[in-house]
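Let me begin by presenting the structure, written as structure tokens, before commenting on it.
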Amino acid sequence: MKPKHWIIFLLLGAIWSSSFMWIKIATQEIGPFMLVAFRVLFGLLFGLVVILIQGASWPRGLRTWTPLIVIGIVDIAIPFFLISWGETTIDSGIAAILDATVPLFTIVIAHYVLHDDKITTPKMAGMLLGFAGVVILLSKDAGDSHSSLLGQGAVILASIFYAGSAVYIRKTTEETSGVWRGTGPLVSATAAMWLATLVFERPVKMPELGITWVALLWLGIMGSGVALIMCFYLIHEIGPTRTSMVTDLCPLGGVLLGSSVLHEELTWQLITGAVLIIASLALANWQPAREAP
């Protein structure tokens with residue numbers, strides 16, 4: 001990874017780490033369908049403004065739009081909803097921890113689907129170390145009656161969707177411009193989530209609190225519009241496996257924000273797990289120096 005990749009990687013990790021806190025705040029007033037519907041709408045509007053400013057040409061043809069539509073459903077609408085629904089019953093820090101399982105699924109899927117993103121010894125060692133960190137973090141809530149098994153399962157299921165989508169994005173959007181990789185999928189995600197909101201969320205309740213609107217704007221503009229453009233750029237630059245490891249930063253930021261802002265409990269397990277997860281990033285990206293012939 002080059003310095004520019006690390007900068008985008010760390011910025012993306014910071015944005016998505018904070019998203020779990022903002023989701024938790026928004027779910028205090030509105031349901032997960034409405035939350036995601038506004039989130040993707042604001043993300044789409046931001047992306048369209050960027051496209052207009054850049055003068056980027058619109059994608060043409062079904063061959064280009066089909067993967068963007070699919071990505072909008074399986075990489076945005078479904079996992080965004082699953083995480084938001086999960087956070088109605090679990091802490092934001094726990095959701096951030098479980099989201100760190102994405103690379104564990106991605107490394108396996110990418111190995112069998114992509115020719116240039118195979119499992120290596122450093123990658124495997126980094127994944128195992130990161131998984132150990134996740135287990136230690138998760139042990140904090142073992143037996144905690146306040147943590148919902150269904151809520152945790154929903155976040156893990158979202159991680160599986162993210163992992164499969166990352167590989168699919170790499171294979172199908174190479175010829176799509178960077179800004180459209182992030183904005184195009186938000187078209188189908190927005191349509192799907194507003195339709196789902198009108199069908200499944202009764203009564204439809206609009207946000208009234210100012211803090212809820214702040215949360216939705218952050219999640220939409222930064223957590224969706226900006227973050228998706230960054231994410232899809234990294235997928236094509238450094239591969240889906242390494243890009244998916246940005247979720248290993250989420251427990252660190254998510255837990256710290258959850259404990260400091262939302263007063264969620266901070267324990268030794270969280271600190272130890274965070275250290276292991278950071279170390280796993282360095283290990284998975286380590287390449288031994290080759291001896292000169």
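The values are calculated or read from the model by the stated rules, or taken from the named source; none is laboratory data. Keep in mind that what you see is a predicted model, and the values were worked out from it rather than measured. So basically every Cβ, Gly included, is an ideal-geometry build from the backbone, and we count neighbours across all protein chains shown. Side chains included, ligands, DNA and RNA excluded: accessible areas come from the protein's heavy atoms. Shrake-Rupley method; radii C 1.70, N 1.55, O 1.52, S 1.80 Å.
Quick notes
A quick yes/no check of all residues on (1) of a type outside the set (Asp, Glu); (2) under 26 Å from residue 37 (Cα atoms); (3) within 16 Å of the chain's Cα centre (by Cα); (4) modelled with pLDDT of 80 or more:
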position	(1), (2), (3), (4)
211	yes, yes, no, yes
223	yes, yes, yes, yes
231	yes, yes, yes, yes
235	yes, yes, yes, yes
243	yes, yes, yes, yes
261	yes, yes, no, yes
267	yes, no, no, no
270	yes, no, no, no
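- Applying a threshold of 7 Å to beta carbon distances and a minimum spacing of six or more residues, or different chains, the list of pairs starting in region 175-187 at a residue that is within 17 Å of residue 39 (Cβ to Cβ) and open to solvent by less than 30 Å² (accessible area, probe 1.4 Å) and ending at one that is at pLDDT 75 or above and among the charged types (D, E, K, R) reads 185/75.
- Restricting attention to region 218-251, the residues that are among the aliphatic types (A, V, I, L, M) and open to solvent by less than 10 Å² (accessible area, probe 1.4 Å) add up to 7.
- Pair list, Cβ under 8 Å, 6 or more apart: region 76-91 residue closer than 24 Å to residue 139 by Cα, other residue of a type in the set (Val, Ile, Thr) and surrounded by fewer than 23 Cβ atoms within 10 Å (Cβ to Cβ): 84/27; 87/27; 88/27
- Within region 190-209, tally of residues that are over 18 Å from residue 50 (Cα atoms), modelled with pLDDT of 90 or more, of a type outside the set (Phe, Trp, Tyr) and buried (at least 16 other Cβ atoms within 10 Å of the Cβ): 6
- From 37, 56, residue being farther than 13 Å from residue 222 by Cβ, at pLDDT 90 or above and aliphatic (A, V, I, L, M): 37
- Within region 145-185, the residues that satisfy the criterion of being among the hydroxyl-bearing types (Ser, Thr, Tyr) and under 15 Å from residue 100 (Cα atoms) are 159, 162.
- The set of residues in region 76-98 being open to solvent by 10 Å² or more (accessible area, probe 1.4 Å) and among the charged types (D, E, K, R) consists of 91 alone.
- Filter result (at pLDDT 80 or above, of a type in the set (A, V, I, L, M), open to solvent by less than 50 Å² (accessible area, probe 1.4 Å) and under 19 Å from the mean Cα position of the chain (by Cα)) within region 133-159: 154, 155, 158
- Per this entry, residue 24 is not counted among residues that are out of contact with any strand residue (DSSP E or B) (no Cβ under 7 Å at 6 or more places or on another chain), over 20 Å from residue 208 (Cα atoms) and of a type outside the set (A, V, I, L, M, F, W, C).
- Of everything in region 29-65 that is in a helix (DSSP H, G or I) and free of Cβ contacts under 8 Å to residues at least 60 places away in the same chain, the residue that is least open to solvent (accessible area, probe 1.4 Å) is 32.
- Every residue from region 246-265 that is assigned to a helix (DSSP H, G or I) and among the aliphatic types (A, V, I, L, M): 246, 249, 252, 255, 256, 257
- Some residue of region 192-211 being of a type in the set (Val, Ile, Thr), touching a Pro at 6+ places or on another chain (Cβ under 8 Å) and in a helix (DSSP H, G or I): no
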